[in-house]
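The values are calculated or read from the model by the stated rules, or taken from the named source; none is laboratory data. In this text the structure is predicted, and so the values were computed from the model without any measurement. Reconstructed Cβ throughout: ideal geometry from the backbone, glycine too, with neighbour counts over all protein chains shown. Ligands, DNA and RNA are excluded from the accessible area calculation, which covers all protein heavy atoms including side chains. Shrake-Rupley method; radii C 1.70, N 1.55, O 1.52, S 1.80 Å.
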Amino acid sequence: MKTAKTDNKIKEFLSDADVAIGLKSIKKLPAQAASFAELPENLNAGLAAAMKARAYEKLYIHQRKAWDFAMQRRDFVVLTPTASGKTLCYNLPVLHTLMEDPEARALYLFPTKALSQDQQAELNELLESAELKFPAVTYDGDTPRAQRKMARESARIVISNPDMLHSGILPNHTKWIQFFAGLKFIVIDEMHSYRGVFGSHVANVFRRLLRIARHYGSDPVFILCSATIGNPVELAEALVGRKIDAITENGAPRPEKIIAFYNPPLVDPVQGIRRSSADESMRLSAKLLEKGVRTILFARSRLKVEILASYLNKRFSNIYNNNNNIRVEPYRSGLLPNERRNIEKGLRDGTVSGVVSTNALELGIDIGGLDAAILAAWPGSMSSFWQQAGRAGRRQGQSLVVFVASASPLDQFYIENPERCMEAKAESARIDPENPYIYTDHVKCAAFELPFKEGEVFGSELESVLDFLTEGGVLRQSGGRWFWASASYPAEKISLRSASADNIVIVDTTKGQNSVIGEMDIPSAKELVFDDAIYIHKGRQYVVQKLDIENRHCFVEARETNYYTDAVVKNDLKLLSEDEKPFGGLLDLVVGDILVRSSAEKYKKLRFHSNENIGYGEIFLPPEEMQTRTFAIVFNNKGQAALFLQSLGEMESASCLAGFTSMLRSMAPLELLCDYQDLGTAWRLRDDHFLLPSVYIWDRYPGGTGLAEAMAQKLDAILSAAYKRLEHCDCQYGCPSCIGVAEERFSNFKDRKASVNRLIKLVLTDLHASGQG
Amino acid sequence: MGTSLRARLERIRSMEKQPKAAALQTDKQEKLSAAGWQQTADGLWERQDKSHSLAAFETSAIKLAAFSKNLAGREALLNNLCFFDFETSGLSGGSGNIAFLAAVGSFTNNGDFVVRQLFMEDYPYEAAFLNSLLSLLKKPAAIVTYNGASFDMPLLNVRLAMNQISPGKLPAHIDLLHAARRLFRKTLGDCSLKSLETELLGLFRHNDIPGSEVPAVWFDFLKTGNMAKMENVFRHNALDVMSLGRLFVIIYNAILGKVICTCDEVGLASLQNSLDPQMAENTLKDKLGKDDGRAAMALAKLYSKNNRKTERLALAPYYPENFHGFYARSIYAEKLLLDSKASLLYAERALGVLKADAERFGNTKTRSIMLDRVRRKIIRLKGY
Ligand SMILES: [Zn+2]
């Protein structure tokens, strides 16, 4: 009875005194029985036989519903937790259709190459057992030339990713005529990963895809699969631009899952300093592994993964105990395919007992079920949390998830409000396909693929963009059509995944070598790798010799230092438009375009560990300019919040606004499904534009990705959470776990926590009084 | 989105200081007529240029196998071939790259060379342009291009597909680059049409426009009707097919051995081999002992194909001085000269080279097999 044994071990672990000290709450997800539906009667006989041969006598209800929708040729999205048999949701109707119609084709898109390869292996297995001779071919950057031609000409299922579709397939659609003419299904797996900038690009790639499909006379059905997010239908509809049905019920069985919330003990209660979540996670993982509980530990960075795995292995290699047969592997992106495969295989067959992973294992790669998952710090979003938690859990028996909080305000918020996790009220994923930069880029690509005709529909403002591009000379309008009129290949210069295709390359010149060790976008480079800055890579320190922006190079040299550098960044803001005033009243809330000019003119040298300031240096770089979308709170003298600010002295009022802004930024990801890094903030005691105290929070992607608009809608929820966080924080006067570190000039105000707390409360009061509850 | 994208784009543009294109539209039609073009359909123009061919005119049927093994046994008269070249709006592939100008050249019975050029005045006339071009390309027995296998012909197919025109059956295609590379890669290095022109035809083009500047000139013409630079493009295109025609004749005669030019004889023999193996054999035999051993290697290949073992063995002294050369000499000494002492000497030199190679380039599987073989041979030879 292996399962009973594991259940006992989990119980033992939770009652261990060393563990119990940090356990704040324990929640249970009850077991759920499977609910089945019959195999469809009209299922192709060969496929039905293959299904039965693989012991699929029945379908889960969600698989059956997917079949029904697909046969009615309705576009739909399936919400699927890990290990719920989602691939059958699309493989069954697709293979059936391909068998019944020899001209039919299907396109499978995955966000990463690794996932495409996994999917192809799984698909081939099914095809073999059904004795189907359909070529299912992976077509991506790694596909050899000879196989590419085969994929174009004879593949019935093409497995690829949006990047390849964008830069390889669509611009060369005349080589794919048969494929596009027969295209019946487009399968989009891991839909939740298409959000933010990436999702905004991908939505435009789908517009182009549908346009080419229409050109060749096909009207494919979309089948989308997503992990839990707050707005699957909204995201799916925004991505493909059509009405989408949702399948949310899940018929797969689920054993009981225990979710424990662990807060590392306080070391310094006054400053609110806790033991590190990484160390604590490692300690807890070791305890579980020693008991023989197969465990996955999630860490936030590649570097942490390497360090934690090596610590664990060192610990287990001690010859004086009998733990030396416990093997832990690091798993992260950047591993070679066969290294990755070996780990996956080891996890499935049990030769690897544990794994330390970045979110690379979040996506649907099959590693079988593990007994426990430990999350070192909040993984950044609710859907990531549940994806990682889903890695623990097998067919039967209990599984355990331990969330180990860091000191950040968001982590501490979840420790105090575990029900926010359990309600599975996941964040909404947002995209903005009409981001003017992204949209314009894809209009270019689309015009390259096929000239635009008058009256054609493509996004919301096609004609404006066509005119704009025609004036710029990239398009030529002639005879009622717009033609690509440039010698370039536009897709080549447009990357779906980062702000700009031309990143700075970081080159290590230590001892005369010239090896590339990293890459960084230009705005970040100006703030992080200026001349004489300390750049930290894989735990080593490098001094920047020269940042050469023109040639996109940054030369560094390894050197041991006892300090790191921190640029003092000044943001000049210029509000360009006030497009939306969603509320107004006791506070002015504004959404609009903004010009952000960031300049770093000096930097601080801070001693490692103590963070003591040991000197300054100068930075000589031109400022970075960006137009984007912003949200602004303007304290317009009518509300109580504004009156409160006025009642404080100038300096204290500034200190209070700074703390308020810091809390706003750190709690915003709670509702926005974005990263802390995606937002920029500034506060002004007397703003140049409004001439009033104001707080700005803007989208750090040029042109915006919908974050500013969402911020306006979610302000109430974000501030309520911030208020709660402050109330519960163990510190006395404010700490990094709530309002952040105080600037030196505010050191006179000892109790910043109280004033920030009051400001948040009054802003909420003003909002509610204006009827915006 | 509550704000007009147009307004936002305006702001972005003013920040990027994107220059507004000058929209100076002048009368293109007048200018084209003045430059000798005739409008044959709406937006479609044609021009003919006749020049006396400087190349020796070839009256007998041309054996197309000289240019491609796939055309074995096919023949055509010189005046039944066409020479074809595109000018395009971009240098990349993809469906947004178009061809706006084509030249199709051919020889007449009296040895003149006629170039017909087709030009589309603007994008909407592409279908007419392609249909006209197709009718020109379908007439001859074969189409000759330079680098057409990877550029002009695939591009033609893309453009036809974009305009939903079926190509029907096109004549055989000969890419002269293939033969040119065989002949001149070793001697010229760069096998571009331009360097062949210089080396073989002694031709220098004055004020020729570089291919990379062609797209910009076409876009400028579209916007402003600027003909001055466009005329450079027209001339460039016509010169390309004229040179192509003349080079074709020279290269063909070189392959037949009728014209002597500095080229790589091993490459020459490989082309001759698909016409007449005896010719190839003679070419290689002439070269024996006069080169670094490549001719001997090529000849050995030819002999082993025809099972001429003894002749093959006798080539050993001409081999290059590498492992294979020494090893072959060792076998030659043992089997043909019956001189085991010399054989041992060569086997030991072969071993020395092989060891040095393994040290420098790493020991591969083939190397270790050969190492083993030579060692055993040495032991055997010493045992005499
Ligand atoms: Zn605190």
Practice prompt. Between B:H178, B:H236, B:H52, find the one with the highest GNM mean-square fluctuation for chain B; connect C-alpha pairs within less than 10 Å.
Written response: B:H52
Worksheet item: So which of A:K257/A:K287; A:K493/A:K602; A:K86/A:K714; A:K175/B:K138 end up more than 25 Å apart by C-alpha?
Response: A:K493/A:K602; A:K86/A:K714
Worksheet item: HN-Hα J couplings of the range B:361-370 from phi, Karplus 6.51/-1.76/1.60, θ = phi - 60°, integer Hz, Gly and Pro as x?
Response: 10, x, 8, 8, 5, 4, 4, 6, 4, 5
Worksheet item: How far is helix B:126-138 tilted off the main Cα axis of chain B, in degrees rounded to 10, range 0 to 90?
Response: 40
Practice prompt. Any chance you could tell me what percent of the C-alpha pair distances in the range A:461-610 go past 26 Å?
Written response: 53
Fill in: Tensor-based shape of the range A:65-134 (alpha-carbon gyration tensor, a/c under 1.5 rounded, otherwise prolate or oblate)
oblate
Worksheet entry | Neighbouring partner chain Cβ atoms per residue of A:472-479, average, 10 Å criterion | 5
Worksheet item: Considering every pair of different Cα atoms, what Kirkwood radius, in Å, is found for the protein assembly as shown?
Response: 35.3
Response to the item:
Residue by residue through the range A:33-44, the couplings from Karplus 6.51 cos²θ - 1.76 cosθ + 1.60 with θ = phi - 60°, in Hz, x for Gly and Pro, are 7, 6, 10, 9, 9, 6, 5, x, 5, 8, 4, 3
Worksheet item: So who's got an amide H within less than 5 Å of the one on A:C225, skipping anything under 5 residues away but keeping other chains? H placed 1.01 Å off N, in plane.
Response: A:V78, A:I188, A:D189, A:E190, A:M191
Item to complete: Return, ordered by residue number, the residues of the range B:120-161 whose backbone nitrogen is under 15 Å from a label point located 7 Å along Cα→Cβ of B:Q48.
Response: B:136
Worksheet item: Among rounded, prolate and oblate, which fits the range A:541-650 when a ≥ b ≥ c are the square roots of the eigenvalues of its C-alpha gyration tensor, a/c under 1.5 means rounded, and a/b larger than b/c means prolate?
Response: oblate
Discussion item. Would any residue of the range A:737-763 have its amide N under 19 Å from a label point 7 Å out along Cα→Cβ of A:L266? List them or say none.
Written reply: A:737-742, A:750-755, A:757
Worksheet item: Once the piece of chain linking A:D716 and A:E419 is laid out straight, how much longer is it, given 0.36 nm per residue of separation minus the C-alpha distance between them?
Response: 105.0 nm
Worksheet item: Which helices count as membrane-span-like in chain A under these terms: full DSSP H, at least 24 Å along the axis by C-alpha, Kyte-Doolittle mean of 0.0 or more?
Response: A:196-215, A:650-667, A:707-728, A:752-769
Fill in: Chain lengthening between A:V741 and A:K570 when straightened (0.36 nm per residue, less Cα-Cα)
59.8 nm
Worksheet item: Going by Cβ distance under 4.7 Å, what cysteines of chain A have no possible disulfide partner?
Response: A:C89, A:C225, A:C421, A:C445, A:C554, A:C656, A:C674
Worksheet item: Can you work out ³J(HN,Hα) from phi for every residue in the range B:235-250, in order, using Karplus 6.51 cos²θ - 1.76 cosθ + 1.60 and θ = phi - 60°, giving whole Hz and x for Gly and Pro?
Response: 5, 3, 5, 5, 5, 4, 6, 4, 4, 4, x, 5, 5, 4, 5, 4
Worksheet item: Once every DSSP H run of n ≥ 4 in the protein assembly as shown is given -39500 (n - 2.57) and the sum is divided by its residues, what mean residue ellipticity at 222 nm do you get, rounded to the nearest 500 deg cm²/dmol?
Response: -12500 deg cm²/dmol
Worksheet item: For the pair A:E153 and A:R552, what calculated FRET efficiency results from E = 1/(1 + (r/R0)^6), where r is the Cβ-Cβ distance and R0 = 51 Å, to the nearest 0.05?
Response: 0.85
Worksheet entry | 5 angstrom amide H check on A:I619, placed H, neighbours 5+ away | A:K602, A:Y603
Response to the item:
Order by accessible surface, 1.4 Å probe, largest leading, for residues B:R376, B:R294, A:R207 comes to B:R376, B:R294, A:R207
Worksheet item: How far is helix B:323-335 tilted, in degrees, relative to the longest principal axis of the Cα atoms in chain B, given as a value from 0 to 90 rounded to the nearest 10?
Response: 40
Worksheet, complete the sentence: Expressed in nanometres to one decimal, the distance between label points 7 Å along Cα→Cβ at A:E256 and A:Q32 is 1.7
Discussion item. Please state the shape class of the range A:646-734: rounded when a/c is under 1.5, otherwise prolate if a/b exceeds b/c and oblate if not, all from the C-alpha gyration tensor.
Written reply: oblate
Worksheet item: A:E234 to A:E578: FRET efficiency via 1/(1 + (r/R0)^6), r the Cβ-Cβ distance, R0 25 Å, to the nearest 0.05?
Response: 0.45
Worksheet item: What full-extension length gain, to one decimal in nm, is calculated for A:E128 and A:D751 as 0.36 nm per residue of separation minus the Cα-Cα distance?
Response: 217.3 nm
Worksheet, complete the sentence: Output row, site A:N172, 7 Å Cα→C-beta label point, backbone N cut-off 14 Å, window the range B:156-170, residues B:158
Worksheet entry | Magnitude of the charge dipole, the range A:11-121, Cβ model with Lys/Arg +1 and Asp/Glu -1, debye to 20 | 280
Worksheet item: Taking amide hydrogens as modeled 1.01 Å from N in the peptide plane, which residues meet the under 5 Å criterion relative to A:I273, leaving out close sequence neighbours?
Response: A:V267, A:D268
Worksheet entry | Helix axis angle, B:5-16 relative to chain B longest principal axis, alpha carbon, degrees | 60
Discussion item. Can you bin every Cα-Cα distance in the range A:504-561 into 10 Å intervals starting at zero and give me the percent of pairs per bin, rounded to whole numbers?
Written reply: 27, 63, 10
Item to complete: Taking 7 Å along the Cα-to-C-beta vector as the label spot, tell me the B:D286-A:R214 distance in nanometres, rounded to one decimal.
Response: 6.6
Practice prompt. With a point put 7 Å past each Cα toward its Cβ, work out how far B:K335 is from B:A149 in nm, to one decimal.
Written response: 3.5
Fill in: Förster-model FRET efficiency, 35 Å R0, A:L621 and A:K511, C-beta, rounded to 0.05
0.80
